[in-house]
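Below you'll find the structure, written out as structure tokens, and then a few comments.
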Amino acid sequence: MAYRTLETLRTTLLARLGMAGMGASGGANLALIDSFLANGQAQLYRMQDWKHLIAYEDKTLGEQQNEIDYPDACARDQRVLRVETKYSGQWLQLREGITTTMWSTMETLSSPVRYERYAQILIYPRANQQYTIRIWYVADLGRFSEAGDACTLEDEMVLLHALANAKAHYRQPDAPTYQGQLNTLLASIRGQSFGSNGVYRRDTMPPQLRKPAVVGRDVP
């Protein structure tokens, strides 16, 4: 679905504020209007893991490697939901968190067990062979600074967020009305990002973690 552009939302927002005559010559006020829209989308983006932005990318972890790049689509905000690997033909989830003790055995070659998010994704321990690593993530927001840039999130939600804040900024008396509309819309849209049982878990741990197989003892 294609969402409305910054220019279209700006025009609508100006009209709703009673400033339709400002046009392209709005100067500082126009920049402020754009900031209400951009900041609104940025705040809404952080409210939850929006389902339409969730995707995964498979990457190859080479033998004796323990670092892997983030997918390009989430390289800026690095909102990784979970990391999985294919082991004996089955996908298994890695647990997030590498403890101090684990650094003592980081160089022990084995299958991936844990990961940590740094400048790159660090995998524990170093790989004893090539593995496929599946990274689930929330994609970064698209650019939203030029007139033709489209919203990444549902545009009516972004517009209402900007409108409620703009009306409060300009001390227009109907600001609470639009805040109420925003809250109602948010409840509806956010509900679509949860499962039918009302529970959406960011991270579900595997029932039992595998112990690293030691080369020479468990691996020929």
So, in region 50-62, exactly how many residues are at pLDDT 95 or above and open to solvent by 90 Å² or more (accessible area, probe 1.4 Å)?
1
Among the residues that make up region 154-175, is at least one of them closer than 20 Å to ALA38 by Cα and in a strand (DSSP E or B)?
no
Quick check on this structure: which one of ARG171, ARG202, ARG217, ARG134 is open to solvent by 80 Å² or more (accessible area, probe 1.4 Å) and either in contact with a Pro (Cβ under 8 Å, 6 or more places away or on another chain) or modelled with pLDDT of 85 or more (or both)?
ARG171
Could we say that SER35 is modelled with pLDDT of 95 or more, open to solvent by 40 Å² or more (accessible area, probe 1.4 Å) and in the same structural domain as ALA166 (by the TED database) here?
yes
Can you pull out the residues in region 136-149 that are out of contact with any helix residue (DSSP H, G or I) (no Cβ under 8 Å at 6 or more places or on another chain) and not in a loop (DSSP other than H, G, I, E, B)?
TRP136
Restricting to region 63-102, give me the number of residues that are surrounded by fewer than 19 Cβ atoms within 10 Å (Cβ to Cβ), of a type in the set (Phe, Trp, Tyr) and in contact with a strand residue (DSSP E or B) (Cβ under 7 Å, 6 or more places away or on another chain).
1
For the subset of region 137-153 comprising residues that are under 21 Å from ASP34 (Cβ atoms) and in contact with an Asp or Glu (Cβ under 6 Å, 6 or more places away or on another chain), which member is surrounded by the most Cβ atoms within 10 Å (Cβ to Cβ)?
ASP140
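Within the group LEU9, LEU14, which residue is at pLDDT 95 or above and open to solvent by less than 50 Å² (accessible area, probe 1.4 Å)?
Answer to the check: LEU9.
The values are calculated or read from the model by the stated rules, or taken from the named source; none is laboratory data. Since we're looking at a predicted model, the values are computed, not measured. Don't worry about glycine lacking a Cβ; one is built from the backbone with ideal geometry, like all the others, and counts go over all protein chains shown. In case anyone asks, the SASA skips ligands and DNA or RNA and just uses the protein heavy atoms, side chains included. Shrake-Rupley method; radii C 1.70, N 1.55, O 1.52, S 1.80 Å.
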